[in-house]
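Undergrad: Pasting a structure here, questions to come.
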Amino acid sequence: MDRIIVRGNGPLSGQIPIAGAKNACLALMPATLLSEEPLTLTNAPRLSDIRTMTELLASLGAEVTQLQGGKVLASGCHGEINPVADYEIVRKMRASNLVLGPLLARLGHAVVSLPGGCAIGARPMDIHIEALEALGAQIELKEGYLHAKTQGGLKGAVHEMRFASVGATENFLMAASLAKGTSVLKNAAREPEIVDLANCLRAMGAQISGDGTSTIEIQGVDLLHGATHPVVTDRIELGTYMLAPVIAGGEVECIGGRIDLIAAFCEKLDLAGISVTETDKGLKVKNRGDRIKAVDVVTEPFPGFPTDLQAQLMAALCTAEGTSVLEEKIFENRFMHAPELMRMGANIEVHGGHATVHGVSKMKGAPVMATDLRASVSLILAALAAEGETEVRRVYHLDRGYERLVRKLSAVGADIERIHE
Ligand code: UD1
């Protein structure tokens, strides 16, 4: 299994290009099931999760071709569609559940395995099921598979979600786009990835308004057509690399970065004493080498602080001046990076959904184990300024969400290499 070796060194300097958003792309790709015409996604990230979605869509009868080394995904779904999403593929990634809404909308029935994904909590499917049932689907769970059917197709409806689930909002949007009549989703998720999906669906002929707010209205149409759509910038990759100079010192410009994607995160950096400036190419982060100040963080749905940046910010707060409290409100089991950061000298106490981080002046390199996608990158970040060498194992987690991580960090001066085994 591959390993990544990081040797803590001096300040970083240069530019890091930010890729298209993994989470947006994983919701956009299943939209190909909604139309017989081609859907082309540009600015796609080159990641193993995208390959998994490609494999899943192919198993359903769609064709996905990678162009320009994977930066462009050309897909089409004009032949016969297989309604069964098999456990062997679905188990690899929770976002596989995003084929349920499109399959139901296009075929009127679907059989989709319950998903796997990062081990960061229970992550059930009940909110998805309730949202699709509101549109007239009948869904039963049998032997690990969701069996969904409709009588005469999906019908528009008003539905309020108990919690603003990102995935359930995406499934509802895709399903309601081809339902008969008008649908209104209340307490919808407001993440930029939702707006990106709505933009793509609109380009395909869907009639959607209100995305980006908590009430989305969808006027169902009979058919969707082909489109070309650029994937929005990955705000989580952006925040991750913005933290590299916060931890190691120096100045890094993240190309393609936008404050509106990541305002709550930038507010925390500001409180920590780090300046972020907008440039004509992206966002520049500068740290003259001072210790940052401790800050308290609560993860929340967008526009709140994203849970997907909690581990990375914790890595930075390990060496802050003072004590920070991080509260995880989205996933109940998302502090698995804390014990690994402690192996590197961090002083962290975890009590249920809270982690208290007492800043230490320096971290030390150590062998550590990646446990999930964002946890693993937090270890890499911490290692950038740790004394000595850190060896991160199980790096396949990183390949799910960070394209060319070693190359991007080396380019700004980090001492990092991947050992292939
Ligand atoms: C998406 C992101 C993920 C991010 C998360 C929250 C993708 C591919 N993944 O995941 O990186 O961390 O949003 O911003 O876009 N829940 C239920 N029942 C459901 C659905 C969700 O109880 O039917 C719970 C989950 O267990 C979790 C919370 O709701 O505790 C958030 O889940 P959700 O917003 O659905 O996240 P995902 O779409 O899975």
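Undergrad: Quick check on the range 26-44. Is at least one of its residues at pLDDT 95 or above and acidic (Asp, Glu)?
TA: Yes, that holds for at least one residue.
Undergrad: Looking at Leu238, is it at pLDDT 95 or above, farther than 15 Å from Ala19 by Cβ and part of a helix (DSSP H, G or I)?
TA: no
Undergrad: Something else: I need the full set of residues from the range 130-144 which are at pLDDT 95 or above and either of a type outside the set (A, V, I, L, M, F, W, C) or within 8 Å of the ligand (Cβ to nearest atom) (or both), in order please.
TA: Within the range 130-144, Glu130, Glu133, Gly136, Gln138 meet the criteria.
Undergrad: When residues of the range 344-377 are filtered for being of a type outside the set (Gly, Ala, Ser), surrounded by 15 or more Cβ atoms within 10 Å (Cβ to Cβ) and in contact (Cβ under 8 Å) with a residue 40 or more places away in the chain, how many remain?
TA: 9
Undergrad: List the number of the failed condition for Leu33; all other conditions in (1) away from the ligand (no atom under 16 Å from the Cβ); (2) under 30 Å from Met369 (Cβ atoms) hold.
TA: (2)
Undergrad: Give me the strands (runs of 3 or more DSSP E) completely within the range 168-224, filtered to those with at least 1 residues that are within 16 Å of the ligand (Cβ to nearest atom) and buried (at least 18 other Cβ atoms within 10 Å of the Cβ), ordered by residue number.
TA: Ranges flagged: 182-186, 215-219.
Undergrad: Now a separate question. How about the range 378-421: which of its residues are among the aliphatic types (A, V, I, L, M) and over 22 Å from Ala316 (Cβ atoms)?
TA: Across the range 378-421, the qualifying residue is only Ile419.
Undergrad: Might you check whether a residue that is surrounded by fewer than 21 Cβ atoms within 10 Å (Cβ to Cβ), on the phi < 0 side of the Ramachandran plot and within 24 Å of the chain's Cα centre (by Cα) occurs anywhere in the range 133-143?
TA: Among the residues of the range 133-143, not one is surrounded by fewer than 21 Cβ atoms within 10 Å (Cβ to Cβ), on the phi < 0 side of the Ramachandran plot and within 24 Å of the chain's Cα centre (by Cα), which makes the answer no.
Undergrad: When you go through (1) more than 16 Å from the ligand (Cβ to nearest atom); (2) among the small types (Gly, Ala, Ser); (3) surrounded by 24 or more Cβ atoms within 10 Å (Cβ to Cβ) one by one for Ala157, which number turns out not to apply?
TA: (3)
Undergrad: For the range 129-166, enumerate the residues that are farther than 26 Å from Arg190 by Cβ and of a type in the set (D, E, K, R).
TA: Glu140, Lys142, Glu143, Lys149
Undergrad: Just wondering, is there one or more residues in the range 75-97 that are assigned to a strand (DSSP E or B), away from the ligand (no atom under 16 Å from the Cβ), touching a strand residue (DSSP E or B) at 6+ places or on another chain (Cβ under 9 Å) and over 30 Å from Gly136 (Cα atoms)?
TA: Checked against the condition, which is being assigned to a strand (DSSP E or B), away from the ligand (no atom under 16 Å from the Cβ), touching a strand residue (DSSP E or B) at 6+ places or on another chain (Cβ under 9 Å) and over 30 Å from Gly136 (Cα atoms), the range 75-97 yields no hits at all.
Undergrad: In the range 305-328, how many are exposed (fewer than 15 other Cβ atoms within 10 Å of the Cβ) and either in the same structural domain as Thr169 (by TED's automatic domain parsing) or within 16 Å of the ligand (Cβ to nearest atom) (or both)?
TA: Qualifying residue count, the range 305-328: 0.
The values are calculated or read from the model by the stated rules, or taken from the named source; none is laboratory data. Quick caveat: nothing in here was measured; it's all calculated off a predicted structure. Glycine also receives a Cβ, built like all others from the backbone with ideal geometry; neighbour counts cover every protein chain displayed.
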